[in-house]
Each structure stands twice: as structure tokens, then as C-alpha cells.
Amino acid sequence: MALLDIENLSVSYGSIRALRGISLKVEPGEIVTLIGGNGAGKSTTLRTISGLLSPQEGQILFEGKPIASKSPHAIAANRLIHVPEGRGIFANLTVEENLRLGAYCRKDTHEIRQDYEHALELFPRVKERLWQLAGTLSGGEQQMVAIARALLARPKLLMLDEPSLGLAPQIVQLIFQVIRKINAGGTTILLVEQNANLALQVAHRAYVLEVGKIEMSGPAAELANSDDIRKAYLGGH
Amino acid sequence: MPTCFATSDSESCIPLTRDKTPTRLTKRTISLRQFLRLSKVVGIFLVAATSLMSLGCQSRVASTDEIVIGHFGSITGSEATFGISTDRGIQLAIEEVNAAGGVNGKKVRLITYDDKGDPREAGSAVTRLVTRDQVTAVLGEVASGLSLAAAPICQENGVPMISPSSTNPKVTQVGDMIYRVCFIDPFQGSVCAKFARENDKIKATKAAILCDQTAPYSVGLQEEFEKAFTAGGGTIVSKQAYQAGDQDFSAQLTSIRASEPEVIFIPGYYTDVGNIALQARKLGLKVPMLGGDGWDSAKLGQIAGDALNGCYYSNHYSHEDPSPRVQNFIKLYQGKYQETPDGLAALGYDAARILFTAMKTAPSLSGKDIAAELAKTTGFEGVTGVISMDANRNPVKPAVILEMKDGTPRYVATIAPGE
Amino acid sequence: MADFLQTLMTALAIGSLYALIALGYTMVYGVLKFINFAHSDIVVLGAWLSYSFAIRALPLVGLDAHNPATPPPIWMTAGIFVAVLLLCSLAGFLIERLAYRPLRRAPRLNVLITAIGVSLLLQNVGQLDFVFGASPQKMPALLPNWELPIQFGQGESIRYVVLPLIDCIIFAVSGLLMLALELLIFRTKFGTALRAVSFNTDFAALMGIPVDRAISLTFMLGSALAGAAGFLYVLKFPSMNQPAHSVWVLLGLKAFVAAVVGGIGNIRGAVLGGFIIAFVEQFGAYYISSNYRDVYVFSLLILILLIKPTGLLGSPVREKV
């Protein structure tokens, strides 16, 4: 059974249809990436899965159970964690408080402590900034906090929206290394990226989204070699 | 499915369903154009509503075998006893006149509206009396500010209005339809000042004033007191103000305490005066306090208790006046309401009786004819004294000074005009 | 000196009340970004509930309902206080649930107008005869009328500073409530969640925080503080105006000014603002003239908004992008 199974999903903003019946699956242990241009509906897909938007049609099954009508906090409590575009950092809280909020739904104090240490090991730079207000961090540091915070929820499925956006190339490298590490630790990841090159390197499978429809899908390596994709998204290299 | 009225611009669309649309769309503010459109809609609605209401108002016409008069007063609110006492005085007069066969054979009926002591409510109550109930004459109010709010409405509609107890001179200046049966503040202020200067127990040369700056009555009386007190050789050492309903007077009273007055003049209404007296005594201010007829309520003693012992106020009558006119009225009033009438009840009674007298002699019940008769009033034997209207529609009559003793007012002196 | 101390003490007591009320404005603004105009009516509700409970409870211990010869036992006073807090927070909960939540996704102007409507509704319902009525009432004394006169100077120039028990109680109770709120907001998991909601409701929901419940709790907390302010207010000023009296509106308005002066949305700012407003009002009235006590307050508002539009402590942390 797929961890996440989306069928025929349609979403509108007012009269604008952002998604027109997309279907996709994420199997346990995978990194699946969703690539496509601006306004293709990538973020809309994630926002709908995490409950911030309601679909007009279609269903979303998480671990076999429908979640399309649930509120975002109930979905997060099921350990389906969404790191939104722009990182979703609480600028008015300290880094430490941000991290603690990641474990908001958990009661297992001992394990939370372990996960906390583990997340800080992944991002030593975050550890140095624990008492700073999160709003004072650089973009890269904020992205690290956002991912570390998501890990504190012990996600079954981690959805990352544009983790590379606006970051320096070295930081992007670092973030993607961590994404690999997290996946190697057994966490399933659904990755939305505009940087298709990077995304296809790290992902197992990929879906290509264009104006609200899935245009193509398949193993990431195959898509990376497809001529159409190279032309449209990889800068023709 | 969300619908959208704006066709071209998706950002200006407000989803009508309650689904979870993104915050980006909901955090928008309205544009000036939309605001103007909204105001227009609201405006049209208001115009429509008011015209509908006024249509409904025209439908009632008074029957011909009775005379309807209106009373507006503060039946509830901070000055509730003003309205209630006045209403009782009026009711008593109506009962009397109806028992004696009415006014020229017609029974008198009273409609009373509560204005809650609020000028806006007073305005709408009088509008209702004049336009919907089409009363022959209006009685009210006690507080000058409320009479001033209502008088223009009566004047414009040609309905005679008699204020039983608004002492501010401006009230009758509104026009020739507006009368009163009480003395006015220039007289009251000088009475208080004279008493403060000359009474053996006070003999003050230094006075402080604490005035309700929201009440025309209080402001007017303060000015008159100040004029008369300084003309008599005294000095005003501190002038402080409050607003009707204020709860905390400590800043004003601390300031007054520092100026070391020998008397404090508080031309306010009884609820505030009671609170002021309590707080003044707490701050160790022990000098006598002095006020006007706004103090006249049984509630004053209930609020302030013995904090007001040795304080004085000027009033329109005293229930201790032995004259048969007064004692008769008190007997009648006590028989009906089981309480001693205050000055406002007596003035309400006098106002109604003066009105009936004018109606009896007037050639018709038109507003003009009644007003003309009212203007001719001379030597009317009222409970609150002999009433003659002067050219400005104000009666000339004496005032009494009362002293608070354990919560009840006791007669001290009568001061006649020109004395 | 004596007069200065007297004014100072009044300012502290009244400042505490402003601060308690301002907290409610600022908390609701913090999470929902709108001014809850019905907040001052919760203060009125607290005041009038205190009265209603008191006149019913006093006869139970054999005291006259309106003029008790002695104050009731302390447990009764405390019981009335707790009951007022609970009912006021229930009222806050219901107002949010019934009036504001249906408009959660509506433009903010709609919510603002609704808030004014709720305020008018509460004022006028409160004036109905079977609710509180439209006449002023006198709050019976629930606490002993202790006063500590401190003497200054001698002979002719003798002066007293009167320190009433109620002022100390107001200061202490509000202080404790504000301390409790401070701890709750800044030291607990729930408080962290609340601050997260106030930063961004969507992000907070993604953390698994039940946003609607957090907003309900915000309203309940703010309303409980307003209820406490109402209770303390009528103990200090027992002569109560009718529910729709403009003096209540002015009290709410000044507390709102306090919240804005301190930086709306900022909890510590609301407390600071409350005291500043009370000090300006009391000292202005004493040293300059009592005719303009409201003018001082609103001039200060204009001044602060000109110099620092976000209020004294309101320095919004900008998110780096």
C-alpha cells in the first residue's frame, strides 16, 4: 500500500483552477519529487495535502485513510509534515522554541530529547543559534531550522516546498545532503523543487507538473535523461 | 464552488463559500472605491428606513375627546429620580384635573418616554411625542442639557414645551414655544454665592469649584457662582472639572485639597455629587460642600450618607415649608406614592397645572394659543412659589437653602430675588 | 509631597486596571489582527455580574444585600471573583465562537463592523430590565474598608496620604494575574503555541497546533482579565453606571489607547501602556488641569504614533526572505 495516494485531485482559488485532476503516489521509503515551472501547481498540491486548502474533487489517502476533509493540525498530528515555501519559521520565537513546536503533538519526552539532539547533529549551525530569535537568522539557517523542526515531529512523510529557494549554492548542497541523510534514516520525502536538476539527482521518482496537470512521471534518472525534460527544465544541458 | 463577482482580477475576488482558501486572498483590505460603494448602499438603506418609519408615524391621530400631553424624562439612568419624581408630580396634577372634569370637558392623557438621561435619546423621544403621538404640549426635562436637546424640536413643530426644572438660561432662549416654571441659574448661582459668603457656619472667602463639564446646567451654574462670589469679595482658589459618570475624582480632590478652600461648590447632579462627597471625605477634605438643585434626590443621601453632613444646596421648595399650599400637595403626593415629594416632583406638578390653566383660557388648543396664554401667566399660586412669567418666559421666584443632615435635607433659609 | 504620593497611588491602582483591560485588546489583536470592540463590554459584564452575585450571595450569610454591616467572609468574596472570571471567559468564548469565527476568512473590515455590532448588542441587552437594568446601582462592600492614613507635616500644614486597602488589592491581584499571564505566554508549551498562532495561523496549524482552540483560549483569557478588571473596578468605585453609559466606553477606549501606546500585539507593552496612560491622566489632572484629563491621554496617543507608529514596545521582527 502506498503511503500517500492521491487520485484525481482538483483545487481552485476562486475561479482559477490550480489543479485539474492530478494523481500521484508516494511509496514508503522513497524520495519523490514534483517538478515544474512557476504556477504549475506544485505548492498548491502540498498545501492541499496538508489541509491548508480544500479540494473540489478527488481524494487523498494517507496510510490508506482519507485525509482530504481533515483540518491541518489533525493531519500534522498524523505525522504528515509540511515545510512550507518560505520555510514557515516563527520569526517572533527563538530557534529553540521553534524546534520545540515541531514536537507539539508528541508526548514521549524521552524520545523527543533524542530527536532534538539528532536534529542538532544534522545542523551544527543551528545549535549555535538556539537562543536567537528565528527572525534574525539568515535564509539558509532558517531553512535548516525549518527542516530540523519538521524532524522533531518524527514525520512519516516529510513534504519540503522549495528548500533551495534563494539560498547560496553551498548551502543548497548542504541541505540536499541532509535530505539524503534523512531519507537514508527511513523517512519518506515528497520534494517540490524548481531546481529540477538537483531534485532529479536526489529523488527516486519524479512527477512533472504543468498548469495543474501531471505531464510526465517516472524514475528520476529516466526523466533526467529525457530530452523533453532537459529542454524544458534543465536548461538544455 | 466559490463564486466570484470580479471577472478580470482574481485577486479582488471574495470566495463566498467557507472553504479553506489561502490567507493571501483573505488578508486584503477594501479599496476606496469599494468603500464608497459600500457607504452609498448603507446611505440608501438608511434613507429608505427612515422614510418608511416616518410613513408609519403619520397613521396615528389623537382622538378629539381627550388631550394628549407628552413627558420625556430620565426614568432610568444616573438621574433616574429626576424623571420619576417629575412624572409622579405630573400624574398627580392630571388625576386632579381629570377628577374635576378635565380641561374644558376633555380628559387629559399623559404619554411618558424614558430618555435615560442621554441627549440623543431625549431628541428622539421628543420627536416621537411630537410627530407620532401628536401631543398638544410637552413637559420636560429636568437636566438643562436634555431640555436644550429637545427644545428646538418643539419650537420647530410649534408645540409648547414647559421645562419643569431646567435652570440654564439658554433653554427658554430657544424660542417662544419654550417655557419653564423654575428659577434660572444667574439667580441660583448668586443665591449660593451669597450663602457661602454670609452664612455664619461658612463665611467663606476662599472657594473651590468642581464642575461637570459635560452638563450645560453645571457649567452655567459654575459661571454664575464664580461671578457672584468674586463680586462679593471672595476668591476662587481652584477650579476643577469632571465628566458625568466619572468614578474617580481623586486627582481633582487632591488638587482642591492643596488649594485649602473654605467651601467647595459642586454644581453637579446627585449621583456624581454623592460619589464626590464620599471620596472627598476619604481624602480628609472636611470643609462644607455646596450645590444647586441638581442635588435634589432622595438617592443623594443613600449614596453619600453622612459624608454630606453640614453641606448645603439651593432648591425650589422645602417639604418643611408650613404653608398650606405646600402641605396639601405633600399630603396628596404621600397618599398616592407613599413618599415625601422632592423639589422636582413639586415642579412637575406646577408645570402641569400651569399648562392646564393656560389650556382652559386659550381660545383653541393650537400650540400658538397655548403659548400665548402661558406667556400671560401672572401670580400663579404654585407649590414652589408664586409664578409670574417674565418677558423671557422665565418665572421670577424665591429659592430655599437646604442642609443635609444624616442623609435628609432640612430647611435653612429662603432667599427671594433682589434680596 | 503628600499630594504627589496620593496621586501616585491612585495612578498605580488605575494603571493596573487599564493594563488588565489592555491585555485583552492586545492578545486578540495579536492572534486575529483586529480590534475587538466588544472587549470593553466584557468589563461591564464583569462589573455587573459582580454586583448581581454579591446581592444574591450576601443574604446567604445573613447580611443585608445592599448595605452589609460587615464585609462577607473572604471565601465568599473570592468565590464571587472566581465565578465572575469563569462567566466572563465563557462570554468571551461564545462571542468568538458565534460572531467572529464564522468570519475567520472574511475581509477584516467585516469582522471589525461585527465587533461594533456585538458591542452595541451587549450594551443594550445589558440594559434590559431582566438583565441588569438601565439604572445605576451601588455595589455592596465585599472587602473591609481599611485605610492607612500616613501623616505628613505638622500643625497648620498637616497633610494625609490615605492608602486604601482596595488600591493595594487591585495592585496585587492585577500584578499576580499579569505575572500568571506572562508565565503562561512565555514559559509554557501552550504559550509558545499561542505566540506561533499570532505570528501565522497557517504555519502554526502545520505544527499540529489546533488554531481554532488557541483562538478560543485567547478570547477566554482576555475576557477573564477583563472580568477581573470589572470586579476590581466596582470594588474601588462602588457606584456603578448603567451598562450602556458612556463612561464604560471611555474606560475601554483608554485601555485600548494603552494597548496601542505600548505596542498593540505586545503583552508587556499593554501593561506598560496601562500604567503610562494612568500616570499621564492622573498627574496631568493634578498638576495641570482636570478639565483636560482625556485630552492628555489622547494627545499622548497621537504623540506616540507620530514618533513610533508601532507603539513603545511594538518592534515587529521582520522575517528575512
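Go ahead and run the numbers for FRET between residue B:338 and residue B:201, Cβ-Cβ distance against an R0 of 25 Å, rounding to 0.05. Could you put the intermediate results ahead of the total?
Details: r = 34 Å, r/R0 = 1.35.
Calculated transfer efficiency: 0.15.
In debye to the nearest 20, how big a dipole does the protein assembly as shown give about its Cα centre with +1 on each Lys and Arg Cβ and -1 on each Asp and Glu Cβ?
On the way: 87 positive and 82 negative charges, 475 e Å.
It comes to approximately 2280 debye.
May I ask you to sort B:174, C:131, C:234 by Cβ crowding, counting other Cβ atoms within 10 Å and putting the fewest first?
Numbers: B:174 19, C:131 15, C:234 24.
So the residues, fewest neighbours to most, are C:131, B:174, C:234.
Using 7 Å Cα-to-Cβ label points, what is the residue A:8/residue A:201 separation (nm, one decimal)?
About 4.0 nm separates the two model spin labels.
Per residue of C:243-251, count partner chain C-beta atoms within 10 Å of its C-beta, then hand back the mean as an integer. The partial results should precede the final answer.
Numbers: counts 0, 3, 7, 5, 6, 1, 0, 3, 2.
Average per residue, whole number: 3.
Within the range A:34-71, find all residues whose amide N lies under 20 Å from a label point positioned 7 Å from the Cα of residue C:212 along Cα-to-beta-carbon.
Hits in the range A:34-71 for residue C:212 at 20 Å: A:48-56, A:66-71.
Would you work out the charge dipole size for chain C about its Cα centre, treating the Cβ of every Lys and Arg as +1 and the Cβ of every Asp and Glu as -1, and quote it to the nearest 20 debye? Before the final figure, lay out each step's value.
On the way: 20 positive and 14 negative charges, 225 e Å.
Dipole magnitude for chain C comes out near 1080 debye.
Can you give the FRET efficiency to the nearest 0.05 for residue B:323 and residue C:69, using r as the Cβ-Cβ distance and R₀ = 35 Å?
Numbers: r = 41 Å, r/R0 = 1.16.
Efficiency computed from Cβ-Cβ geometry: 0.30.
Sorted from fewest to most neighbouring beta carbons within 10 Å, what does the list C:33, B:106 look like? All intermediate terms of the calculation are to be shown ahead of the outcome.
On the way: C:33 14, B:106 18.
With the sparsest Cβ surroundings first, the list reads C:33, B:106.
Take the Cα gyration tensor of the range A:24-159, multiply each eigenvalue by 5, square-root it, and list the three semi-axes largest first, rounded to whole angstrom. Each step should come with its number before you reach the end.
On the way: eigenvalues 143, 62, 37 Å².
The answer is 27, 18, 14 Å, longest axis first.
Give the Debye-formula value of log10 I(q)/I(0) at each listed q (0.09, 0.21, 0.22 Å⁻¹), with one equal scatterer per alpha carbon of the range B:186-315, two decimals each.
Reported log10 I(q)/I(0), two decimals: -0.20, -1.26, -1.41.
Which one of C:172, C:190, C:89 is farthest out on the positive end of the charge dipole of the range C:79-236, using unit charges on Cβ (Lys, Arg +1; Asp, Glu -1) and the Cα centre as origin?
The listed residue farthest towards the positive side: C:190.
Need one number: nm distance between label points at residue B:259 and residue B:331, each 7 Å from Cα along Cα→Cβ, rounded to one decimal.
Distance between the two pseudo-spin positions: 4.9 nm.
List the relative contact order of chain A as a percent without decimals, with contacts defined as Cα pairs under 8 Å and 6+ residues apart. Working shown, then result.
On the way: 460 pairs, mean separation 64.7, N = 237.
The normalised contact order for chain A reaches 27 percent.
Quickly work out the residue B:365-to-residue A:215 label distance, labels modelled 7 Å from Cα along the C-beta direction, and quote it in nm with one decimal.
9.0 nm
Once the piece of chain linking residue C:176 and residue C:302 is laid out straight, how much longer is it, given 0.36 nm per residue of separation minus the C-alpha distance between them?
Values: separation 126, 0.36 × 126 = 45.36 nm, distance 3.10 nm.
Between residue C:176 and residue C:302, full extension yields 42.3 nm more.
How high is the relative contact order of the range C:2-244? Use alpha-carbon pairs under 8 Å, at least six apart in sequence, and give a whole percent. Intermediate values should be presented prior to the final figure.
Working: 343 pairs, mean separation 96.4, N = 243.
In percent, rounded to a whole number, it is 40.
Residue B:223 to residue C:145: FRET efficiency via 1/(1 + (r/R0)^6), r the Cβ-Cβ distance, R0 56 Å, to the nearest 0.05?
Numbers: r = 37 Å, r/R0 = 0.66.
The pair residue B:223/residue C:145 has a calculated efficiency of 0.90.
Please state, rounded to one decimal and in Å, the Kirkwood hydrodynamic radius that the range C:235-292 gives when every pair of distinct Cα atoms enters the mean of 1/r. Could the numbers behind the result be given before it?
Values: mean 1/r = 0.0794 Å⁻¹.
Result for the range C:235-292 stands at 12.6 Å.
Taking chain A, how much of its Cα-Cα pair set, in percent, is spaced more than 32 angstrom apart? Present the calculation step by step, with values, prior to reporting the outcome.
Values: 4731 of 27966 pairs.
Looking at chain A, the distances longer than 32 Å represent 17 percent of pairs.
Count, for each residue of A:70-83, the Cβ atoms from other chains sitting within 10 Å of its Cβ, then give me the mean as a whole number.
Numbers: counts 0, 5, 12, 11, 3, 3, 7, 4, 1, 1, 1, 3, 5, 2.
Taking the mean over all residues of the peptide, I get 4.
Label the range B:144-261 by shape, choosing from rounded, prolate and oblate, from the square roots a ≥ b ≥ c of the eigenvalues of the Cα gyration tensor; if a/c is under 1.5 it is rounded, and otherwise prolate applies when a/b is larger than b/c, oblate when it is not.
In terms of gyration-tensor shape, oblate.
Under 8 Å for C-alpha pairs, at least 6 residues apart: give me the relative contact order for the range B:186-315, rounded to a whole percent. Before the final figure, lay out the partial values.
Numbers: 249 pairs, mean separation 34.2, N = 130.
Relative contact order for the range B:186-315 comes out at 26 percent.
So for the protein assembly as shown, taking the charge dipole from beta-carbon charges (+1 Lys/Arg, -1 Asp/Glu), which of B:328, A:225, C:136 sits furthest toward the positive end?
The residue sitting farthest along the positive end of the dipole is A:225.
Enumerate the whole-percent occupancy of each 20 Å bin, from 0 to the last occupied one, for all C-alpha pair distances of the protein assembly as shown.
Percent of Cα pairs in each bin: 12, 34, 28, 17, 9, 1.
With +1 on each Lys and Arg Cβ and -1 on each Asp and Glu Cβ, and nothing else charged, work out how big the dipole of chain A is about its Cα centre, in Debye to the nearest 20.
Values: 25 positive and 24 negative charges, 72 e Å.
Approximately 340 debye in magnitude.
Can you give me the three principal axis dimensions of chain C from its C-alpha atoms, in Å, biggest first?
The Cα atoms of chain C stretch 71, 47, 35 Å along the principal axes, largest first.
Percent of alpha carbon pairs in the range C:106-191 separated by more than 16 Å? Before the final figure, lay out the partial values.
Working: 2848 of 3655 pairs.
The calculated P(r) of the range C:106-191 puts 78 percent of pairs beyond 16 Å.
Rule-based calculations on the coordinates, nothing more; no lab input. Treat the numbers as computed from the prediction; the structure is a model and nothing was measured. With ideal geometry, Cβ positions are generated from the backbone for all residues, glycine too; neighbour counts draw on all protein chains shown.
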